[in-house]
Every structure is written in C-alpha cells, then in structure tokens.
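See structure below.
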Amino acid sequence: MKLDRRTFIKGAGAGTAGCALAALPGSIAALGSVTVQGSEESIASSCEMCSTRCPISARVVNGKNVSILGNKKAKSFGGAVCARGGAGHSLLYDKQRIVKPLKRVGERGEGKWAEIEWDEAYSLIAENLNKIKVKHGAESVAFSSKSGSLEGHLFHLAKSFGSPNTFTHASTCPAGYVVAAKAIFGGKIKRDLSNSKYIINFGHNLYEGINMSETRGMMNAQMEKGAKLVVFEPRFSIVADKADEWYAIKPGTDVAVALAMCHTLIHDDLYDKDFVAKYVEGFDEFAKEVKNYTPEWAEAISDVPAEDIRRITHEYAAAAPHVLVDFGHRSSFTTEEFEMRRALYAANVLVGNIERKGGLYFGKKASNYNKFAGETVAPTLSKPGVKNLPKIEAKRIDMVDEQYSMLWSSGGIYQTILDATLDAVPYQLHGWVMSRTNPMQTMTDRARIVESMQKLDFVVACDLYITESAAYADVFLPESTYLERDEEIKDKSGKNPAYYVRQRVVDTIGDTKPSWQIWKEVADKLGQGEYFPWENMQTLQMFQVNKDVKLLDKIKRDGWVSYGKPLMLREPSMVNTFVSEYPNAITPDEDSTYASHLSFKTPSGKIELSSNKVEKMAPGRGVIKYREVTMKKADELFFIQGKVAVHTNGATQNVPILANLMSDNALWIHPITAGHMGISSGDKIRIFNDTGSEEGHALVTPGIRPDTVFAYMGCGSKNKELARATGKGIHCGNLLPHVTSPVTGMNLHTTGVKIAKI
Ligand SMILES: Nc1nc2c(c(=O)[nH]1)N[C@H]1C(S)=C(S)[C@@H](COP(=O)(O)OP(=O)(O)OC[C@H]3O[C@@H](n4cnc5c(=O)[nH]c(N)nc54)[C@H](O)[C@@H]3O)O[C@H]1N2
Ligand SMILES: Nc1nc2c(c(=O)[nH]1)N[C@H]1C(S)=C(S)[C@@H](COP(=O)(O)OP(=O)(O)OC[C@H]3O[C@@H](n4cnc5c(=O)[nH]c(N)nc54)[C@H](O)[C@@H]3O)O[C@H]1N2
Ligand code: SF4
Ligand SMILES: [Mo]
C-alpha cells in the first residue's frame with residue numbers, strides 16, 4: 001500500500017482557544033518581564049511533554065526563543081519531535097506557569113493562595129507530615145507520581161518517611177499489559193513494528209497517542225515496507241484511516257476476536273508446532289478452551305464478520321513469523337483487560353514470532369547483551385543503593401488480595417487512595433503528597449477525588465501549573481520544567497543497549513527547583529537527610545557511570561548513545577551479524593540462532609498459555625477465557641476515549657500554543673443516533689450517567705458506531721487557575737465510575753452514558 005506524506009499527516013479536528021491572562025500569585029506573569037537565557041549551542045536532552053521522553057536537541061535562539069528538535073542520533077525516533085514536543089518553549093514561558101511556592105490561604109479548592117519561600121514550604125510540610133506520622137503512623141500518608149526520575153526521588157522520600165503507600169499511574173495505564181505479560185512471558189515484552197509485514201491492531205492509537213519510536217516504526221512498516229495494517233476500533237481513528245482494513249468492533253469485545261483468531265490458528269492447523277512444543281506450557285488446556293471460540297461465536301459478540309476474522313487469521317499466519325498482533329498500550333476497555341491482553345499475546349505466541357524480526361522481543365540491556373557478546377560492548381550503570389532505610393511494617397492500602405500479586409509495589413492500584421481516605425479501607429489515610437500527576441483528570445470519579453482531598457489532613461502538590469488536583473492542595477511546590485533541569489541517565493535499551501540523559505537547556509525562570517532537589521530538601525527538613533547522601537545530580541550521575549568521566553561526557557555530549565548491533569535471539573541474519581562482530585560471542589545453535597538461550601522468567605521457564613501460578617493467585621483464571629461483562633445499561637451508549645495528537649492526557653490543555661490548536665473535545669456521535677435526538681454538529685448537549693454529568697458540543701460523524709460516543713480525554717478542566725482550559729469541553733473523569741479490575745488492578749475507562757440536547 002502507498003500513502004503519500006501529505007494525506008498521512010492530515011490530522012485530527014481542532015478548535016481554537018482564547019487566551020485569558022491572569023496574574024496568578026506565583027505565576028510568571030506576576031514576575032513581570034522574563035528574559036530568555038541559556039545555551040546558544042545545541043544541548044542534547046530529553047522531552048517531557050509526554051512520558052515517552054524522546055531524545056531532543058535544544059538551544060536558545062538569539063536570546064529570544066528556544067528551538068527544540070529531535071536528537072538526530074536517536075534514529076529509531078526519526079530524529080524528530082511531535083507537535084507537543086515542539087511546543088516545549090510555550091510551556092516554559094507560559095505566563096500562567098507557577099514559579100514560586102504557594103500556600104493555601106482560603107478553603108481547599110477556593111483558589112486563594114499566598115506566595116511563600118521554599119523554606120517555609122518545607123517547614124509546613126515537615127511539621128504536618130510529622131504530626132500525621134506521630135498520631136496515625138507514617139503509612140497514613142500516600143505518595144504518588146507519574147513514573148520516571150521524579151517518581152524515584154519522591155518514593156525514596158516515602159520510604160525514608162516510613163510509608164509503603166507509593167503509586168504511579170500504573171493502574172490507569174500500563175498495568176494491564178504489563179501484568180498480562182508477566183503472567184505469560186514472565187516479564188515485559190516489546191514489539192518490532194518497523195520490521196513487521198502484517199500488523200493487527202486492537203485500538204493501539206499510535207498516530208494520535210504518539211510514541212515517537214513506535215509511531216515511526218509503524219509508519220515505516222506501512223510506508224516503506226508495504227506492511228498490511230488491519231485495525232479493530234469502534235471509531236474511525238487516524239490509525240483506522242491509514243489502515244488497509246478497519247472493523248468498527250463493539251467496545252470491549254476485542255478478547256472475543258483475539259480468542260477466535262487463536263481458535264482459527266489452532267483448529268485450521270496454522271500455528272507453529274515446533275515453537276509451541278519447545279517453548280509453550282499449558283497449550284493443551286488453552287487449545288481445549290478455545291475450541292468453542294469460533295469466528296461465528298466472536299461475530300455475535302463483536303460485530304466483526306466471522307469470514308473476515310478467519311481470512312485475516314489465515315493471511316496473518318501465511319506472513320508469519322514477521323507479523324504481530326499489537327497488544328496495545330492503554331485500554332481499560334473492560335474489567336477483563338487481563339484476559340484481553342493475554343489473548344492478544346497468545347495470538348503472537350501461536351505463530352512463533354517471539355524474538356523474530358517484525359514480532360515481539362525482550363529488551364537487551366547491557367549486562368545481558370555483553371554476556372552474549374563475550375565482551376563488554378556496552379557499559380553497565382550502577383544504581384545508588386541507600387542502606388539502613390527504616391523497615392516498614394505496615395501493609396500497603398492496595399494489593400491486599402493475592403490476585404494482585406503480579407503488580408509492582410512502586411506502581412500499585414492508584415484509585416485505592418479514595419477507598420482508604422473516604423472509607424478507611426483497609427485503613428485511614430490522612431495525607432497525600434503528589435507530584436506530576438493530575439488524578440482529577442486522569443483517575444476516575446472526579447467527585448470522589450474532590451471529596452477525598454477535602455477530607456485529608458494535609459495535601460502537597462508539585463506541578464508546573466495549579467492543575468485541578470493541585471487546586472486542592474495545602475502547599476504547592478513549583479517544579480522547574482524539563483528544559484531547566486538535569487536528571488539521571490536512563491536506560492532505553494531495545495534490540496541493543498542504549499542510554500539517554502536529560503540536561504538543562506535554559507536558566508531557571510523564577511524560583512523553581514527540580515524534584516530531585518525538592519524531595520531531598522524536604523527530607524532534610526523532616527530530619528531524614530541521612531537517606532539522601534548525594535550532593536546533587538552531578539554526584540548521582542557520576543555514581544551511575546562508576547566515576548567514568550569519559551563515559552558521562554559522551555552520554556552528555558550525544559544525549560543518546562546506543563551500543564552494538566540489533567539482536568533478536570531467533571533471527572538468523574541478526575545472530576550472524578552479531579557473531580561476526582564479536583569473536584568471543586556465544587556459539588550459535590545449528591540453525592544459526594540463539595534459540596536454545598531463549599528462556600522465560602515464569603515458574604516453568606516457558607511461555608505459559610495457561611498457568612498454575614495465575615490459578616493460585618486468581619482461582620478460575622489459570623486458562624485464558626472469555627468472560628461476559630456488563631459495561632453499560634441497556635438504554636445507554638458506550639462512552640470511550642482516546643488521546644489526541646496535540647495534547648498529552650490532562651497535562652497540556654493550558655499550554656498556550658497547544659490550547660490554540662485545540663481546547664475543546666466535541667462528543668463524536670453517529671448520524672443515526674444524533675438523528676433520533678435531533679442533534680446536529682455544534683449543538684450543545686448534556687452527557688450523563690450515575691457517576692456524573694457534563695455539558696459539551698456534538699460532532700456528528702459516521703466515524704463512530706451508532707451505539708458508541710467518543711471524546712478526546714483531558715479537556716473540561718474545572719478550576720479557574722487553568723484559565724485557557726477551564727470549562728472547555730467534556731471532562732471524561734467526571735463520567736467514569738470508580739472500579740478496580742481483577743488481577744491487573746486497572747481502573748475503568750469505558751462506561752455507559754446517556755445524551756440529551758440542551
Ligand atoms: N478518561 C481517561 N483517563 C485516563 C486516560 C484516558 O485515555 N482517558 N489515560 C490514562 C493514561 S494512559 C495515563 S498515562 C494517565 C496519565 O495521568 P497522569 O499521570 O496524571 O499524567 P498527565 O496528565 O500526563 O500529567 C500529570 C501532570 O504532570 C504535570 N507535569 C508535566 N511536566 C511536569 C514536570 O516536569 N514536573 C512536574 N512536577 N509536573 C509536571 C502536568 O502539568 C500534569 O498536571 O491518565 C490515564 N487516565
Ligand atoms: N498525542 C499524545 N500522545 C500520547 C499521549 C497523549 O496524551 N497524547 N499519551 C501517551 C500515553 S501516557 C500513552 S499510555 C499512550 C497511549 O496510547 P494508546 O493506548 O494508543 O492511546 P489511546 O488514544 O488511549 O488509545 C485508545 C484507543 O482505543 C480506542 N478504543 C476505545 N475502546 C475500544 C475498544 O473497546 N476496543 C478497541 N479495539 N478500541 C477501543 C479509542 O477509540 C482510542 O483510539 O500514548 C502516549 N502518547
Ligand atoms: S512523543 Fe512528542 S511529546 Fe512525547 S516525548 Fe516524544 S516528542 Fe515529546
Ligand atoms: Mo499512559
């Protein structure tokens with residue numbers, strides 16, 4: 001298939017935004033004039049406009065602006081940034097960004113703030129947290145942050161303080177696919193999209209929910225290599241628009257189609273028997289289970305025609321092993337995400353695409369890669385370990401049930417903060433320290449979050465803006481933006497080892513600090529300074545590189561360093577290249593692969609299509625199975641969401657350039673559904689269910705199923721501090737019920753709603 005670049009880039013619909021400028025206390029506007037100072041030479045660093053954290057190359061131009069480009073050395077990212085990445089300067093100099101610590105002076109959420117010095121902020125935090133600790137125990141304070149460098153420092157503070165309750169965005173984003181991968185493969189697995197010849201996509205929104213290297217990978221496969229793309233999506237997304245075939249699947253029924261594919265692979269004798277015999281445990285039980293999951297059965301559930309499921313599966317098997325069923329990223333389409341992800345993984349396992357080009361593979365970090373090479377191809381980094389941290393006896397508030405034992409404790413089940421705060425389940429929380437997270441937009445059931453934040457004794461928020469969630473804090477700590485700070489070296493290994501680093505590009509504006517420094521200084525005030533023995537980020541980086549100054553210089557100069565040749569253990573051409581490059585490399589098997597070295601960190605050491613471990617954790621779930629779920633009431637429509645190319649989650653709606661590109665998220669409604677209610681595009685509508693009620697605008701489009709409505713997430717902010725975003729569009733989190741899924745702990749992003757014309 002050929003796509004020309006212009007049609008390819010044709011983007012999503014966008015609205016416009018007016019920019020109300022308010023001189024909030026603590027904002028840049030309150031500073032008066034701001035000058036642009038920083039490096040005129042390009043600095044290699046990393047983006048933080050979303051958590052993909054692409055390598056960038058940035059510099060100050062003529063003392064007037066900051067140019068942000070992709071780092072050309074990072075080839076898999078295409079040496080480019082996306083629209084949000086290019087808009088970093090607009091965040092940096094946004095007059096509404098907060099650049100001075102604040103304390104609340106009115107009621108929680110009332111929007112009355114006073115500027116304070118950092119030392120006063122730290123004293124307030126130390127005094128209140130210590131008070132809670134003495135009265136209720138350290139465990140009654142929760143700490144939450146998006147994962148990344150920021151998380152590491154905050155959670156280290158939590159541990160030194162003595163609380164086990166640390167949470168990332170895990171249960172709102174990756175926990176589904178990660179827990180399912182742990183169950184089947186024993187750990188996370190990656191996809192080699194760029195080399196794939198046939199990609200089957202179940203709502204992985206890569207042309208809007210952008211991850212530069214994967215988005216580039218899929219573009220490359222489609223445009224350069226003629227890969228076929230089949231998309232199952234309830235709406236006509238940009239990915240659906242660029243696909244060879246699109247099926248408007250009924251929301252939440254992906255698992256049925258995936259299981260019918262597995263049925264077809266097994267019962268039409270299309271699967272890779274050698275691979276299964278060698279690497280798979282529990283195949284017979286799985287084959288028995290999928291016996292009844294015929295394409296006809298799946299059609300009745302999903303609305304995808306049986307003959308297409310059968311044909312697509314045959315095409316997929318014929319092009320194997322350089323093919324993949326994309327297991328997706330975010331979903332939480334239903335509470336049965338665990339079964340859905342496992343079914344998607346199983347459809348890969350059956351064609352034996354593991355460690356094959358265009359299929360799935362495990363990341364090759366330095367230590368592992370060097371073992372294969374028989375020499376040190378890539379340096380390994382050290383992790384600063386702090387000894388003598390206080391032993392924490394208290395149990396976490398989440399993961400209390402055995403079924404959640406595959407979740408990781410730094411991630412956790414975020415939404416259980418609400419149960420612990422409002423209902424003392426399993427015990428009462430009294431404090432919440434949050435950083436780089438905006439749960440009111442990104443968790444579920446906004447009203448319960450407001451209630452929780454009002455009930456707690458003390459709340460701290462560290463962010464760039466007074467977000468909806470930060471608006472309910474007692475103390476606001478302004479972090480420096482990513483363009484103003486240094487951070488640790490990070491591992492970004494794919495088929496070969498790679499590292500990257502973040503470096504400051506411009507001088508700090510106003511009175512902000514990087515979070516590694518903030519949490520270290522909070523620890524000092526709390527009397528826990530001994531657990532933060534490093535002086536600064538430079539000390540930490542030197543520790544990481546084991547004092548190898550040359551290595552640190554190289555990583556800083558290039559920003560992105562990768563080592564060696566790409567390696568997939570069962571790919572003969574790659575193994576041949578590898579062996580000729582490294583004379584001391586492990587001798588390949590007779591078939592010129594490292595197939596005999598492929599093992600899995602599961603109890604059996606094999607891929608577990610059915611698993612005793614899972615059966616023990618969650619009785620009845622050992623074998624992957626279809627389970628019916630009720631997602632909405634009979635008279636409701638499915639309500640689904642997704643990302644838009646010009647915004648990140650609930651984070652960028654106030655960034656001037658991006659707000660100008662789009663500030664409203666109309667509700668997509670099918671013409672038949674809209675017709676019944678006399679709704680036309682642009683009409684004001686109410687969207688409501690048992691959880692909440694929102695007002696918004698309609699976008700009548702045939703690009704959605706008649707039984708489904710869709711909105712881009714992140715709009716409709718409800719606090720006045722985010723002046724460019726407030727009241728614009730539909731707030732998705734206000735309509736989503738508070739639910740926790742079995743095994744994965746995921747919250748729920750698909751529900752039922754009714755709509756009415758206003
Ligand atoms: N309804 C609905 N809910 C969803 C989703 C959905 O599609 N629909 N998607 C889910 C997904 S995939 C995810 S990952 C989560 C994300 O949920 P969150 O983790 O809450 O992430 P973001 O909205 O990306 O960003 C959170 C905050 O980080 C702040 N921030 C940005 N840069 C910095 C920085 O350098 N320092 C500090 N301190 N703060 C910074 C932003 O201002 C923003 O307020 O949301 C989930 N929630
Ligand atoms: N521009 C941009 N890029 C981003 C982000 C962003 O906010 N903006 N966020 C980043 C983050 S944190 C993440 S996790 C990734 C997320 O990357 P993705 O998971 O790819 O992103 P979403 O847009 O949330 O994808 C959900 C898609 O599933 C569709 N969908 C809804 N219900 C169903 C269903 O039942 N079945 C099927 N098959 N499809 C369904 C939605 O219409 C939507 O297109 O993107 C990252 N990249
Ligand atoms: S995908 Fe875009 S916003 Fe996200 S890190 Fe990369 S360039 Fe930045
Ligand atoms: Mo995410």
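Any read-out appearing in this document is the output of simple, stated calculations on the displayed coordinates, not a laboratory observation. Just so we're clear, the structure is a prediction, and the values are computed from it rather than from any experiment. Ideal geometry is used to build each Cβ from the backbone, glycine not excepted, and the neighbour counts take in all protein chains shown.
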Remind me, what semi-axes does the range 141-189 give for its equivalent ellipsoid, largest first in whole Å, using sqrt of 5 times each Cα gyration tensor eigenvalue? 25, 11, 10
Taking a quarter of the surface of the convex hull around the Cα atoms of the range 551-591, what do you get in nm²? 3.8
Counting DSSP beta bridges in the range 80-237, what percent are antiparallel, to the nearest 5? 30
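How many percent of DSSP beta bridges within the range 637-757 run antiparallel, rounded to 5? Please report the intermediate quantities before stating the final value.
Values: 13 of 21 bridges.
Once the DSSP bridges in the range 637-757 are tallied, antiparallel ones form about 60 percent.
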Tally Lys and Arg at +1 and Asp and Glu at -1 over the other residues with C-beta under 13 Å from the C-beta of N368: what net charge comes out? +3
Surrounding charge for L735, neighbours by C-beta under 14 angstrom, Lys/Arg +1, Asp/Glu -1, total +2
Residues whose built amide H sits under 5 Å from the amide H of V623, excluding neighbours closer than 5 in sequence, are S611
Mind listing the phi-derived Karplus ³J(HN,Hα) values for the range 596-613, rounded to whole Hz, using 6.51, -1.76 and 1.60 with θ = phi - 60°, and x for any glycine or proline? 6, 9, 7, 9, 10, 7, 9, x, 8, x, 10, 6, 9, 6, 9, 9, 5, 4
Cα centroid separation, the range 174-209 to the range 566-604 (Å): 23
For the range 489-572, build the convex hull from the C-alpha positions and give me its volume per residue in Å³. 139
Going by amide H atoms built from the backbone, whose H comes under 5 Å of the H on C462, apart from near neighbours? M434, S435, R436, L477
Express in whole angstrom the spacing between the alpha-carbon centres of the range 49-102 and the range 648-703. 29
Taking the Cα centre of the chain as origin, sum charge times position over the Cβ atoms of Lys and Arg (+1) and Asp and Glu (-1), and report the length of that vector in debye to the nearest 20. 1200
Per q in 0.17 Å⁻¹, report the Debye log10 I(q)/I(0) for the range 631-698, using one uniform scatterer on each alpha carbon and no solvent. -0.78
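Stokes-Einstein D for the range 637-757 at 4 °C, 1.567 mPa s, Kirkwood Rh over Cα pairs, in µm²/s? Before the final figure, lay out each step's value.
Working: Rh = 14.8 Å.
The diffusion coefficient I find is 88 µm²/s.
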If the reach is capped at under 17 angstrom between alpha carbons, list the aspartates and glutamates near K131, excluding any in the same chain fewer than eight residues apart. E120, E139, D457, D474, D524
Taking just the alpha carbons, could you work out the radius of gyration and Dmax for the chain, both in angstroms? 25.5, 74
Relative packing of peptides 60-66, 409-415 - highest average C-beta neighbours within 10 Å first: 409-415, 60-66
Can you give me the relative contact order of the chain as a percent, contacts being Cα pairs under 8 Å and 6 or more apart? 20
Going by amide H atoms built from the backbone, whose H comes under 5 Å of the H on W246, apart from near neighbours? V231
Sequence neighbours fewer than 8 away in the same chain don't count; with that in mind, list the aspartates and glutamates whose C-alpha is under 17 Å from K95. E115, D463, E479, E484, D507, D511, E721
Any chance you could check the Cα centroid distance between the range 330-358 and the range 486-546 for me, in angstrom? 36
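Report the net charge of residues surrounding N654, where surrounding means a beta-carbon distance below 12 angstrom and charges are Lys +1, Arg +1, Asp -1, Glu -1.
On the way: positive: K95, R97, K720, R724, K728; negative: D94, D463, E468, E721.
Taking every Cβ under 12 Å from that of N654, the sum is +1.
What is the Rg over Rh value, at two decimals, for the range 492-645, using alpha-carbon atoms and the Kirkwood definition of Rh? Don't skip to the answer; put the middle values down first.
Numbers: Rg = 25.0 Å, Rh = 22.3 Å.
In the range 492-645, Rg relative to Rh is 1.12.
Please give the FRET efficiency for R627 paired with D284, using the beta carbon to beta carbon distance and R0 = 30 Å, rounded to the nearest 0.05. Intermediate values should be presented prior to the final figure.
Numbers: r = 21 Å, r/R0 = 0.70.
Result of the calculation: an efficiency of 0.90.
Using only Cα atoms, what is the ratio of the radius of gyration of the range 204-324 to 2.2 N^0.38 Å? Before the final figure, lay out the partial values.
On the way: Rg = 15.4 Å, N = 121, 2.2 N^0.38 = 13.6 Å.
With N residues counted in the range 204-324, Rg over 2.2 N^0.38 Å equals 1.13.
Order 67-73, 460-466, 732-738 from most to least packed using the mean count of other Cβ atoms within 10 Å. Walk me through the intermediate numbers first.
On the way: 67-73: 19.1, 460-466: 24.9, 732-738: 23.1.
In descending order of packing, they fall as 460-466, 732-738, 67-73.
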